[in-house]
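Quick notes on the structure that follows.
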Amino acid sequence: MEKRAFTLSIGEEAPDFRLPATDGREYALADFEDADVLVVMFTCNHCPYVIGSDEDTRQIALDYAPKGVRFVAISSNSPRTYEADSFDNMAKRMEEHGFPWPYLFDATQQVALAYGALRTPHFFVFDGDRKLVYTGRAIDYPRDYRHATTRELRDALDDLFAGREVKVSVTNPIGCNVKWEGKEAHWMPPEACDLVLQAGTMGKGGEIFVFDMGEPVKILDLAKRMIKLSGFEPHTDIKIIYTGLRPGEKLYEELLSDDAKTLPTHNEKILISKDPNMEFKDIEHYTNHIVKAAIRREKTEVVQILKDIVREFKSNNSVYEVLDK
């Protein structure tokens with residue numbers, strides 16, 4: 001069975017829930033079936049990114065309510081980490097501010113896990129079929145909404161009501177970590193963490209980390225995805241140009257030399273490469289030869305020196321194939 005990403009992916013259905021709210025009621029997903037669009041937001045009481053953007057979120061909720069958009073707020077934070085996030089304090093905050101959404105408490109944190117909530121605030125937008133069409137942030141500066149320069153949640157809702165595919169459907173939520181029961185304040189579930197961040201905590205200095213990133217991704221597909229995440233259309237707004245020794249993209253990539261060995265870590269997807277060391281005098285020797293050959297514009301000589309350094313360097317579909325014979 002394929003393991004899904006920690007956070008819900010675009011097109012997935014909204015997980016059901018039944019949670020108590022500060023108004024004394026219990027709410028389930030079905031209680032919002034009258035909404036043409038449902039915005040589920042994970043929030044809390046104490047986070048400055050929530051406090052700094054709540055009024056902007058209120059205005060979004062009010063502006064889109066006539067179009068059939070409903071908001072529901074969920075706090076999954078452990079009150080053992082921050083007492084300010086207790087259910088009683090949730091009720092006090094709602095009484096003080098009167099936000100236009102029900103405020104639910106996810107005491108077991110199972111709903112946060114089902115949705116893959118990462119931070120507060122973190123928004124999930126579902127269409128009429130309750131399929132996810134947008135997830136991420138509302139604005140790019142939630143600590144003080146007056147300084148925001150982008151408004152991704154509004155953009156997503158506008159695309160949806162215009163009958164368009166949401167142009168930027170995934171953004172990085174900006175805010176405080178969800179406070180998980182029994183964990184320190186900045187802990188995140190391992191499957192939610194980027195491998196680079198995990199490796200950074202392992203490093204003692206000088207290591208080369210090798211990551212198992214899952215199934216191979218075509219460079220072309222990656223380029224298209226990056227362009228779309230920036231709000232543009234590939235080939236229309238931004239051209240994709242191929243460069244290199246041959247047309248198109250490389251066929252494969254060698255991560256390790258034949259002489260290299262790897263050491264395991266506590267994460268099976270992170271290995272430490274143990275490459276043979278090259279003496280400085282040898283590095284200096286090769287570098288000087290490469291520079292001299294480059295000045296003379298001797299391309300073949302430069303490639304030959306590189307092949308001497310990296311014995312596994314083989315040329316395919318290239319004029320330099322003759323050097324491998």
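The values are calculated or read from the model by the stated rules, or taken from the named source; none is laboratory data. Treat the numbers as computed from the prediction; the structure is a model and nothing was measured. Note that each Cβ is placed from the backbone with ideal geometry, even for glycine, and that neighbours are counted across all protein chains shown. Surface accessibility is based on the protein's heavy atoms, side chains included, excluding ligands, DNA and RNA. Shrake-Rupley method; radii C 1.70, N 1.55, O 1.52, S 1.80 Å.
State to the nearest 20 debye the size of the charge dipole of region 75-177 about its Cα centre, where the only charges are +1 on K and R beta carbons and -1 on D and E beta carbons. It would help to have the intermediate numbers written out before the result.
Working: 13 positive and 15 negative charges, 37 e Å.
Approximately 180 debye in magnitude.
Rounded, prolate or oblate: pick one for region 74-140, where a ≥ b ≥ c are the square roots of the eigenvalues of its C-alpha gyration tensor, a/c under 1.5 means rounded, and failing that, prolate if a/b is larger than b/c, else oblate. Don't jump to the answer; show the numbers that get you there.
Numbers: a/c = 1.95, a/b = 1.48, b/c = 1.32.
Prolate, because a/c is 1.5 or more and a/b exceeds b/c.
Find the accessible area per residue for region 1-86; the probe is 1.4 Å, ligands and nucleic acids are left out, and the unit is Å².
Details: 4130 Å² over 86 residues.
So region 1-86 comes to 48 Å² accessible per residue, rounded to a whole number.
Please compute the modelled spin-label separation between R58 and N316, points set 7 Å along Cα→Cβ, answer in nm with one decimal.
Going from the N316 label point to the R58 one covers 6.1 nm.
Viscosity 1.306 mPa s, temperature 10 °C: Stokes-Einstein D of region 107-167 from its Kirkwood Cα radius, in µm² per second? Can you show the working numbers first?
On the way: Rh = 12.9 Å.
Estimated via Stokes-Einstein, D reaches 123 µm²/s.
Using packing as a proxy for protection, rank 100-108, 8-16 so that the peptide with the highest average count of other Cβ atoms within 10 Å comes first.
Numbers: 100-108: 18.8, 8-16: 14.7.
Highest mean packing first, the order is 100-108, 8-16.
Modelled label-to-label distance, F280 and R297, 7 Å Cα→beta-carbon offset: nm?
3.6 nm
Any of K67/K131; K228/K274; K67/K167 with alpha carbons more than 26 Å apart? Name them for me.
Numbers: K67/K131 18 Å; K228/K274 38 Å; K67/K167 20 Å.
From K67/K131; K228/K274; K67/K167, over 26 Å: K228/K274.
Just order 286-297, 36-47, 72-83 by mean Cβ neighbour count inside 10 Å, highest at the front, would you? Show your work: numbers first, answer last.
Values: 286-297: 12.3, 36-47: 23.2, 72-83: 21.4.
Descending mean neighbour count gives 36-47, 72-83, 286-297.
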